[in-house]
1. Which of the residues belonging to segment 81-121 are surrounded by 13 or more Cβ atoms within 10 Å (Cβ to Cβ), at pLDDT 95 or above and aliphatic (A, V, I, L, M)?
2. Hey, any hits in segment 30-48 for a residue that's of a type in the set (A, V, I, L, M), loosely packed, with under 13 Cβ neighbours inside 10 Å, over 12 Å from the mean Cα position of the chain (by Cα) and not in a strand (DSSP E or B)?
3. Could we say that L5 is surrounded by 14 or more Cβ atoms within 10 Å (Cβ to Cβ), farther than 17 Å from F66 by Cα and not basic (K, R) here?
4. Which number in (1) at pLDDT 85 or above; (2) farther than 25 Å from K23 by Cβ; (3) among the hydroxyl-bearing types (S, T, Y) marks the one condition that S56 misses?
Amino acid sequence: MLQILEESKGDLFAVQLSAHIDKQDYDLMLPMLEEKIKQHGKIHVFVEVVDMKDVSLEALWEEIKFDFRHAADYGKVAVVGEAKWLDWLSLAASPFTTARIKHFTPNQRLHALNWVKEKEEA
């Protein structure tokens, strides 16, 4: 399930992922990301993963295609969640994007939100 969070304002896209994520979730989310990119150029993303069970292959494929097309359109990406694979995923994605990607544990949620909102220095 995908839920857009109230913190999703301006150039920040904030979302919570839980349970089962499928292509329908991405069909909802990707146009929103596309619109934010169109409005702001470079955007920042806050992803909170809570009790996520699995992601369908179709959803994963949609994300990969989107991320390759928009690799230069992300500033910071904060990923909040308990799973150790999130740390690995953050590290594995780094070579394919100019974004600064950081993994935070659930008790660091507020810190993650503040970090992703901080303006980059030129």
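1. A112, L113, V116
2. Within segment 30-48, the subset of a type in the set (A, V, I, L, M) is 30, 32-33, 37, 43, 45, 47.
Now narrow it down to the ones that are loosely packed, with under 13 Cβ neighbours inside 10 Å: none.
No, every residue in segment 30-48 fails to be of a type in the set (A, V, I, L, M), loosely packed, with under 13 Cβ neighbours inside 10 Å, over 12 Å from the mean Cα position of the chain (by Cα) and not in a strand (DSSP E or B).
3. Details: surrounded by 14 or more Cβ atoms within 10 Å (Cβ to Cβ): yes; farther than 17 Å from F66 by Cα: yes; not basic (K, R): yes.
Spelling it out, L5 is indeed surrounded by 14 or more Cβ atoms within 10 Å (Cβ to Cβ), farther than 17 Å from F66 by Cα and not basic (K, R).
4. Just one mismatch for S56, condition (2).
The values are calculated or read from the model by the stated rules, or taken from the named source; none is laboratory data. Quantities reported herein were computed from a predicted structural model and do not represent experimental measurements. Quick reminder, even Gly has a Cβ in these numbers, built from the backbone with ideal geometry, and neighbours come from all protein chains shown.
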